[in-house]
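A short write-up of the structure that comes next.
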Amino acid sequence: MILILLLMDLAWNTSSSIVLHEDGTEAAAPRGRSVTTSPAGGAIVAWHDMTRLEVTWTDESPEISSATSEVVSNRTGIIGGTSLSVVGDTVRITLPERDCDALTGELYELCPAGEHISVTLSGVTNASGVPLAVDDWDFEVGLAQVRITSPAEGEHLNTSSPLVVFEVDNHTAQTIGPHIHYGYDEHDAINQKMHRTSDSITFRNLADGEHLLFVDLRSGSHDWLGHLESVASVTVTIDTTAPTVETNQISPAKDATNVPLNSTVSIRMSEQIVNGSTLTLSTSGTVLNGSIGQVTAGSKGELTFVPDEPLLPGTQYTVQVTGVHDMAGNPMQIFTTSFTTVPAPDVSPNGTNTSTITLPLDNSSSIGAQEMLQTKSDGWVEQWGELTLAIAAIAVSTIGWFLLRRGRAKVRGYLQNLSQLVSELGNNVEELDRQIDRMKSDVEQDYHKGRIDEQQYQLVEQKLEDARRAVREQEIQERFGDVSSSLSASLQVALSDGRIDAAEVQQLLSQSDSLADEQRGELEQMLQRWRTEDDSS
């Protein structure tokens, strides 16, 4: 049995297909129990995994005196300067450092930006001069990249020590060797630190305000790898301060008196706020029904309340704001204010109405009771004159009440329509701008026809101007991104009054040299469209 096994082993080591020399004579076939390559064919390796390639023939002693190799990169072409060496039964192909077109100009054996490598090795023999063959093979150097997954771009955070979560491909951070740097606001600043793992990073003691947080991949010598995918950044706003109410932006003002019965409540915050706030208007514990609106005025949030019914005369009302949170989630304390409406008309003991009746439809129209009753007389005339005056006052109040209710319904409808337009057309800024312009025309027509009074007209007009200004600022950002500081400042000034005229168009175009020709043409078309809309409104 042992003899049979020995014969089989001999047959395995000696039998092979015939190999011919160039002159046609028979030569021994390549020998070797097995051959392996490192990295293996088709493998994906990191740029720092190896500085040499290897071919191993098991139980052989390779000779490389006549051997040649060729290593080719799809990024840099044929890699010159490779060298061959033998260690045991392994042939090593040592790679030189080379220029991988990194933005930093650093040199690498394998390119961190990723590449496809093809390898050819020939002319290797064993100690007896028998050729040792290996098939050509190739492999991939994976792209070293980093991605920040949290926080999101533009997010507001209510902590001065935000946690940054990130993912890394084809780069292993180590205590000695490749690692990671992180910092904020400026690269290569003193606020930059080294990180030796791929664990999440906590940034410490950031001041309130906007910050650029970044993470980048580094070589063992602390050099940035030099391609765009090897750095990730995110812009966040640190906000640890709770929002407050701007006391000079409360309407009606705190503790105000003689407030008209057709008033709308509005309260502006110190910063932008998220949805979910509540504004209630009550008197004697009874909460009024009405419509709550939330708009952005510039960079600040504003809550409005339009009562369903006119306010009662001579009544104290309490306004309470709850559930307010800013964009970072900081809660505002409950805010309370109050005001008192105009008093009801009264009649003096001698029968003379000395009060002033204010018509709700027109705040400028007041009828003095003394003017309505030009002369006093005794007896029947005095008594019936007093009754006539009372009936006249009731008639005027009733008519005014109906006109006021109709006007308030108009205002509420406009504000609701504006909110719906913003919700539906928020991503179509051009169409939203046109619809706001149409609404302005409708509001002006209703005002001239007496359907809404001057105060109601000014309220809706202001909300439409705020909305249009925000829409136009959004359109600039979407089309042109970050423009020069001078052009940005001029745009802010031009948009501040809600209108664009011909002189402002020319001034803005004269400051747009930083834009490409195509962008400058788009800017001119946009400004001319705005001017046409404003001239027609």
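The values are calculated or read from the model by the stated rules, or taken from the named source; none is laboratory data. Fair warning: this is a prediction, and the values are worked out from it, not measured in the lab. Quick reminder, even Gly has a Cβ in these numbers, built from the backbone with ideal geometry, and neighbours come from all protein chains shown.
A compact table of results
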{"read-out": "Residues of the stretch 320-339 classified as free of Cβ contacts under 8 Å to residues at least 60 places away in the same chain and assigned to a loop (DSSP other than H, G, I, E, B), total", "value": "2"}
{"read-out": "Where residue 93 falls short, out of the listed (1) surrounded by 16 or more Cβ atoms within 10 Å (Cβ to Cβ); (2) assigned to a loop (DSSP other than H, G, I, E, B)", "value": "(2)"}
{"read-out": "In the stretch 97-138, the residues that are assigned to a strand (DSSP E or B) and hydroxyl-bearing (Ser, Thr, Tyr)", "value": "108, 118, 120, 122, 125"}
{"read-out": "Candidates 458, 519, 507, filtered to the one that is surrounded by fewer than 17 Cβ atoms within 10 Å (Cβ to Cβ) and within 23 Å of residue 296 (Cα to Cα)", "value": "458"}
{"read-out": "Sole residue being surrounded by 15 or more Cβ atoms within 10 Å (Cβ to Cβ), at pLDDT 95 or above and not aromatic (Phe, Trp, Tyr), chosen from 261, 281", "value": "281"}
{"read-out": "Condition check for residue 220: loosely packed, with under 12 Cβ neighbours inside 10 Å, touching a residue at least 12 places away in the same chain (Cβ under 8 Å), closer than 26 Å to residue 111 by Cβ and not assigned by TED's automatic domain parsing to the domain that holds residue 101", "value": "yes"}
{"read-out": "Qualifying position, being assigned to a loop (DSSP other than H, G, I, E, B) and at pLDDT 75 or above, among 436, 500, 476", "value": "500"}
{"read-out": "Sole residue being within 29 Å of the chain's Cα centre (by Cα) and within 22 Å of residue 464 (Cβ to Cβ), chosen from 265, 295", "value": "295"}
{"read-out": "Which numbered condition residue 215 fails, given (1) touching a Leu at 6+ places or on another chain (Cβ under 8 Å); (2) assigned to a strand (DSSP E or B)", "value": "(1)"}
